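Peer 1: This structure is in structure tokens; I'll ask about it shortly.
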Amino acid sequence: MGNRLLSMLMASAVLGGIAEAKTVIHVMHQGDPGWVSTYGEVAKRFEAANPDVDIELIYAPHDAYNEKFSAAVMSKQLPDVMELDAPFLANYVWSGYLQPIKPLIDQDIVGDMTASNIAQGTYPVDKELYAVGLTDSSVVLYGNRKYLEAIGARIPKGVDDAWTREEFEGYLQKLSKLEGVKWPIDTFRGYGIKTEWITYAYGPILQSAGCDLIDRKTWKSTGTLDSDACVDALTMMQKWVKNGWVVPQSSGTNQFFAEGHPAALALGGHWFYAEAAASMKDDIVVMPLPKFGPKGASPNGTWIWGITTASEHPDIAGKFVSFMLKDKQLREHAKETSGYPGLKSFAADSPLYAAGGPMAVAFEQASTTAVARPPHPAYPTITSAFMGAVDEIFNGGDVKAALTAAAEKIDEDIEENDGYPPFDEQQ
Amino acid sequence: MTLQQPALTATAALARPARRKGKGRRDRGRLFQEIGMLAPAVALLTVFLIVPFLLSFWTAMTNQPLVPRPTPVRFIGLINFLRIFRDDLFWTSLWNVSRFTFWILPVQCGLAFATALLLHQKLPLRNFFRGLFFLPAITSMVVVCVIWGTLFQYPTGPLNQVIGFLSGGLIQPIDWLGDPNWAMFSIVLLSAWQAYGFQMIVYLAGLQGIPDELYDAAKIDGANAFQRFWHVTMPGLRPTHVFVLVITTIQAFKLYTQVAILTQGGPKSSTETVVHYMVRAGFEEQKLGLASAVSVILFLIVLVIALLQRQLLRRFDV
């Protein structure tokens, strides 16, 4: 990180000296190697179209992104354009790092955004749009057709007839006894214990069970995260782990499609489809997330683009964001990695998610069961506290105690920041 | 004698001021020289160590966030310290670091000492082997962690396969990094392997510093190999032992990289360490005040341990 900031500093010093005619736009982003090179190519194309602009890409890995961003803030090295994880938007806007993006980007893009995409980029206090993305996201339940047929499982057709908790746990039980199945389900513990995946993917299980990470009216976690419904939901997940039904953390993230198909189900992100389908072909079944209570819930939100208040050329930064979102090759790469559409024009161009397409269920979830992560400036603490509790619980810790500790940590943080005004007044 | 004594004192009394004066002038010149030579080091230490340390004392008593926030920064006294002392996770992390230190000291120092003794012998290709054994120490810890992370994989990682093969399948695969009972031990293994090269070099230097005449004399006195080791090598290595012990303990208390890369403090907080706890407080939760308080506590702990070790070893006439 130090090196990156240093080289950035040197780069800007050098460029500032010689290239007064050229405007430098710093763009901070995350992503796997495929995306990193895609962004590099987009930057080159933008520079070719705008010879007076230099795009400086700054890469930061996503598990430590918020930390890197803080470091950039402290050293007054804020980029012009930054990719950000949607649930952190409230924190960044509240802290004053982002500026409304609507006036800065092409207006046809604003009209092209899906409702969920608008929601993830909107700050709840002033209802302004601060970030925009090409994509959105969801989590579905992938199944191995052969195993599901072997146990005679019902395959849901849409979000409405998703598996109930009883059905789901019954199938897990049956799968655990089936020949060839080493683990009934992969919940991607392999992503680690300090990763947004935990809050993103397991949060909806709480919401479906009838509780939440935090009360979204009073913004208090005690009484919600440590409520009986949440304790019950996480006790259930703890039981799966205890029974040996879940792929352990140290076994990687490919057990669903690895040789011999050791994992029968996978509670996985939409991005998992491309890789799994390439290896499993017709054996893969895409199902909606099970209902753990009266109503279903699914996650949404992904990495989206904002323009910082530190930018000296917000108009050019906006021009770059518009250029990138419309870039054909970038959309092509998004499609290859089973990108989940956040723009209507991209959805129309994605047969994967269209009605009748293999991932149609995932797209259906966005408008039926999707629940955003709490749009509150305390989100960094909320997610960090929840991750800690889940690690404790999955390793046999006391569920109630772990959730109570997490809820207290969250409330303590909110108190310490005077309730993050004006969030303390929202009712 | 009684007669001479006062006379002597008198001469001394007469002589001394004069000598002092002469010496004083020279002293002052030397003093300036010494101050001049000390100045760069003192300035650097002040700017980069002492001032930040005092600042962290101050920050520890505020609710300073990592990055500026719209809410004001307040002086909150000892609340951060109270919060840390009330947090079970802090005590867990302290306990974990103590466990780690307790394991790593014999494993790492023992390994280093044994290889140093071996490589001090007149073996063929001695220098090649010295370089070879030192290789892990110059490899980045991050790289070592990634490699060992693969070795540790469960259930089909190389380490488990080797153990399964050697035991004829008797020993079930171990979830090295995913089992709360094993995780810290696994970190000890890889840490010792990565870092023992440094201690080995220190021991080698210590061994080379023992004069050959002592061994020759011991031989003439009829001492056998073990007696020569126990009565010549060991006493000759005492300062080395102290240095290695203190350095290893302090390093062990600062355990961070391995944990940050491989386990992130889990499973079930079994590898949470004080420094990792501090980084999490400061960067993840963005509470710089709280993190500073942890750093102050860590400093005091390490200071006390270093002083205790010195005292203890001094008592053993080292």
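The values are calculated or read from the model by the stated rules, or taken from the named source; none is laboratory data. These numbers were taken from a predicted model, which means no experiment stands behind them. Because the Cβ atoms are built from the backbone with ideal geometry, glycine has one as well, and the counts that use them run over all protein chains shown.
Peer 1: So which residues in the range A:313-336 are buried (at least 19 other Cβ atoms within 10 Å of the Cβ) and not in a helix (DSSP H, G or I)?
Peer 2: Across the range A:313-336, the qualifying residue is only A:327.
Peer 1: When the residues of the range B:150-193 are filtered to those that are away from chain A (no Cβ under 14 Å) and in a loop (DSSP other than H, G, I, E, B), which remaining residue is surrounded by the most Cβ atoms within 10 Å (Cβ to Cβ)?
Peer 2: B:171
Peer 1: Scan the range B:47-81 for residues that are small (Gly, Ala, Ser), surrounded by 17 or more Cβ atoms within 10 Å (Cβ to Cβ) and not in a helix (DSSP H, G or I) and jot them down.
Peer 2: B:60
Peer 1: Continuing with the same structure: Can you give me the number of residues within the range B:238-267 that are crowded, with 22+ Cβ neighbours inside 10 Å and either within 14 Å of another protein chain (Cβ to nearest Cβ) or more than 17 Å from residue B:187 (Cα to Cα) (or both)?
Peer 2: Counting residues in the range B:238-267 that are crowded, with 22+ Cβ neighbours inside 10 Å and either within 14 Å of another protein chain (Cβ to nearest Cβ) or more than 17 Å from residue B:187 (Cα to Cα) (or both) gives 7.
Peer 1: Something else: Residues A:340, A:379: which one is within 14 Å of another protein chain (Cβ to nearest Cβ) and closer than 26 Å to residue A:81 by Cβ?
Peer 2: Numbers: A:340 fails: within 14 Å of another protein chain (Cβ to nearest Cβ).
Going through A:340, A:379 in turn, the sole match is A:379.
Peer 1: Can you name the residue in the range A:87-102 that is under 20 Å from residue A:320 (Cβ atoms) and touching a residue at least 40 places away in the same chain (Cβ under 8 Å) and, of all such residues, is farthest from the other protein chains (Cβ to nearest Cβ)? Write out each step before concluding.
Peer 2: Taking the range A:87-102 as the starting set, the residues that turn out to be under 20 Å from residue A:320 (Cβ atoms) are A:89, A:92, A:97-102.
After this cut, where a residue has to be touching a residue at least 40 places away in the same chain (Cβ under 8 Å) as well, the list is A:89, A:92, A:97-99, A:101.
On the way: A:89: 15, A:92: 10, A:97: 8, A:98: 13, A:99: 15, A:101: 20 Å.
Top of the filtered list is A:101.
Peer 1: Among the candidates A:407, A:385, A:355, A:389, which residue alone is crowded, with 24+ Cβ neighbours inside 10 Å, out of contact with any Pro (no Cβ under 8 Å at 6 or more places or on another chain), away from every other protein chain (no Cβ under 14 Å) and among the hydrophobic types (A, V, I, L, M, F, W, C)? First the steps, then the outcome.
Peer 2: Details: A:385 fails: away from every other protein chain (no Cβ under 14 Å); A:355 fails: crowded, with 24+ Cβ neighbours inside 10 Å; A:389 fails: away from every other protein chain (no Cβ under 14 Å).
Sole residue among the options that is crowded, with 24+ Cβ neighbours inside 10 Å, out of contact with any Pro (no Cβ under 8 Å at 6 or more places or on another chain), away from every other protein chain (no Cβ under 14 Å) and among the hydrophobic types (A, V, I, L, M, F, W, C): A:407.
Peer 1: I've got another one for you. Please enumerate the residues belonging to the range B:279-293 that are farther than 13 Å from residue B:83 by Cα and in contact (Cβ under 8 Å) with a residue 12 or more places away in the chain.
Peer 2: Scanning the range B:279-293 gives B:279, B:280, B:282, B:283, B:286, B:288.
Peer 1: Within the range B:285-312, which residues are among the aliphatic types (A, V, I, L, M) and either buried (at least 23 other Cβ atoms within 10 Å of the Cβ) or closer than 22 Å to residue A:66 by Cα (or both)?
Peer 2: Listed by number, the residues that qualify are B:288, B:290, B:291, B:293, B:294.
Peer 1: So, one more: Name the residue, out of A:68, A:127, A:44, that is free of Cβ contacts under 8 Å to residues at least 24 places away in the same chain, among the basic types (Lys, Arg) and not in a loop (DSSP other than H, G, I, E, B).
Peer 2: Going through A:68, A:127, A:44 in turn, the sole match is A:44.
Peer 1: Within the range B:74-107, work out how many residues are within 13 Å of chain A (Cβ to nearest Cβ) and in contact (Cβ under 8 Å) with a residue 40 or more places away in the chain.
Peer 2: 8
Peer 1: Among the residues of the range B:71-86, write down those that are under 19 Å from residue B:286 (Cβ atoms) and among the basic types (Lys, Arg).
Peer 2: Result: B:74, B:83.
Peer 1: Considering only the range A:387-427, state which residues are under 14 Å from residue A:220 (Cα atoms) and among the hydrophobic types (A, V, I, L, M, F, W, C).
Peer 2: A:403, A:405, A:406, A:407, A:410, A:414, A:423
Peer 1: Continuing with the same structure: So residue A:377 passes all but one of these: (1) crowded, with 24+ Cβ neighbours inside 10 Å; (2) under 24 Å from residue A:266 (Cβ atoms); (3) assigned by TED's automatic domain parsing to the domain that holds residue A:230. Which condition number does it fail?
Peer 2: (2)
Peer 1: Let me ask something else. When the range A:160-213 is examined, which residues are found to be in a loop (DSSP other than H, G, I, E, B), buried (at least 22 other Cβ atoms within 10 Å of the Cβ) and among the hydrophobic types (A, V, I, L, M, F, W, C)?
Peer 2: Across the range A:160-213, the qualifying residues are A:162, A:163, A:181, A:188, A:193, A:211, A:213.
Peer 1: Here is a further query. Within the range A:132-155, identify whether any single residue is in contact with a Pro (Cβ under 7 Å, 6 or more places away or on another chain), of a type in the set (Phe, Trp, Tyr) and on the phi < 0 side of the Ramachandran plot, and answer yes or no.
Peer 2: Scanning the range A:132-155, I find no residue that is in contact with a Pro (Cβ under 7 Å, 6 or more places away or on another chain), of a type in the set (Phe, Trp, Tyr) and on the phi < 0 side of the Ramachandran plot, so the answer is no.
Peer 1: For residues in the range A:268-291 being touching a Ser or Thr at 6+ places or on another chain (Cβ under 7 Å) and aliphatic (A, V, I, L, M), which is surrounded by the fewest Cβ atoms within 10 Å (Cβ to Cβ)?
Peer 2: Across the range A:268-291, the extreme among qualifying residues is A:274.
Peer 1: Right, here's the next one. If we scan the range B:191-199, do we find a residue that is closer than 20 Å to residue B:104 by Cβ, touching a Pro at 6+ places or on another chain (Cβ under 6 Å) and small (Gly, Ala, Ser)?
Peer 2: Yes.
Peer 1: Separate question: Restricting attention to the range A:44-72, which residues are under 17 Å from residue A:380 (Cα atoms), hydrophobic (A, V, I, L, M, F, W, C) and surrounded by fewer than 20 Cβ atoms within 10 Å (Cβ to Cβ)?
Peer 2: Listed by number, the residues that qualify are A:64, A:71.
Peer 1: Please enumerate the residues belonging to the range A:294-312 that are among the aromatic types (Phe, Trp, Tyr) and either part of a loop (DSSP other than H, G, I, E, B) or over 29 Å from residue A:323 (Cβ atoms) (or both).
Peer 2: Scanning the range A:294-312 gives no hits.
Every residue, every condition in (1) basic (Lys, Arg); (2) assigned to a helix (DSSP H, G or I); (3) closer than 17 Å to residue B:202 by Cα, yes or no:
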residue	(1), (2), (3)
B:96	no, yes, no
B:108	no, yes, yes
B:116	no, yes, yes
B:124	no, no, no
B:134	no, yes, yes
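Peer 1: Only residues that are in contact (Cβ under 8 Å) with a residue 60 or more places away in the chain and more than 8 Å from chain B (Cβ to nearest Cβ): list them for the range A:392-401, please.
Peer 2: Result: A:393, A:399, A:400.
Peer 1: Within the range B:215-224, how many residues are assigned to a helix (DSSP H, G or I) and surrounded by 10 or more Cβ atoms within 10 Å (Cβ to Cβ)?
Peer 2: The qualifying residues number 5.
Each row is one residue, and each column tells you yes or no for (1) assigned to a loop (DSSP other than H, G, I, E, B); (2) more than 18 Å from the chain's Cα centre (by Cα); (3) farther than 29 Å from residue B:80 by Cα.
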{"residue": "A:350", "(1), (2), (3)": "yes, yes, yes"}
{"residue": "A:355", "(1), (2), (3)": "yes, yes, yes"}
{"residue": "A:380", "(1), (2), (3)": "no, no, no"}
{"residue": "A:385", "(1), (2), (3)": "no, no, no"}
{"residue": "A:391", "(1), (2), (3)": "no, yes, no"}
{"residue": "A:402", "(1), (2), (3)": "no, yes, no"}
{"residue": "A:410", "(1), (2), (3)": "no, yes, no"}
{"residue": "A:414", "(1), (2), (3)": "no, yes, no"}
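Peer 1: For the range A:235-252, name all the residues that are hydrophobic (A, V, I, L, M, F, W, C), within 14 Å of chain B (Cβ to nearest Cβ) and not in a loop (DSSP other than H, G, I, E, B).
Peer 2: A:241, A:246
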